[in-house]
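Note sheet for the following structure.
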Amino acid sequence: MGSAGFDTRQSPSMAGMAVMWIKSVAPERNRKGVHGCFAGCKGKTVRTWLALTVLLVACFPATGAFAAKVEVLIDLSTQSMMVEVAGGDRYDWAVSTARRGYRTPIGHFQPIRLERTWFSTRYHRSPMPYSIFFRGGFAIHGTNEISRLGRPVSHGCVRLHPANARRLFELVRLYGKAETEITITP
């Protein structure tokens, strides 16, 4: 355990990370021998900042727990969606998926493209606000048929309340498509 009560064994290269950060922030010295970004600071101030940096790295080691990730879990049997953001915020929303005669793909996906405003090219140019396309023409998107959420009524897409679709769209845009996982279970 470290002096602050944190297990420093989680990140064996902690000191190396701190040194790399210090070098990246202050890579060269000016004529007076003071690092560039600290040129106006006195020596004690520089040492204080460096000590704080090392302490922060020790307290929050670079582990998978801090990876930016959006996990979207869609359960077709309950017509629900659970969204977890970087192991922190969690949302539970009602959805509508494929009705009888249609299908919503099952499996693990990543977003392919995002469209804030989109209209179906197959179904009467129906509005699909905040679309997150994850497989061909299948998307998670907002719907104006809010009263039908919680029941399978779509042609295969995953419908959400527009406010929830907007929130999810913003999260995927913020964290990135590569850091978003969509899992759909039967």
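Extending 7 Å from Cα along the Cβ direction at Ile106 and again at Arg135 yields two label points whose distance is 1.0 nm. Restriction of the trypsin sites (Lys or Arg not before Pro) in the stretch 93-140 to DSSP coil positions whose beta-carbon has at most 16 other beta-carbons within 10 angstrom yields Arg99, Arg100, Arg103, Arg116, Arg122, Arg125.
Multiply the residue separation of Arg151 and Ala86 by 0.36 nm, subtract the distance between their alpha-carbon atoms, and state the gained length in nm to one decimal.
Here the answer is 20.5 nm.
Arranged from fewest to most other beta-carbon atoms within 10 Å of their beta carbon, Thr180, Thr78, Thr117 become Thr117, Thr78, Thr180.
Listing His124, His155 from fewest to most neighbouring C-beta atoms within 10 Å gives His124, His155. Summarising the strand pairing of the stretch 70-185, around 70 percent of its internal DSSP beta bridges are antiparallel.
Quick note: the coordinates plus some simple rules give every number you see, no bench work behind them. If you're wondering where the values come from, they're calculated on a predicted model, not measured in any experiment. Cβ: placed from backbone, ideal geometry, glycine included. Neighbour counts: every protein chain shown.
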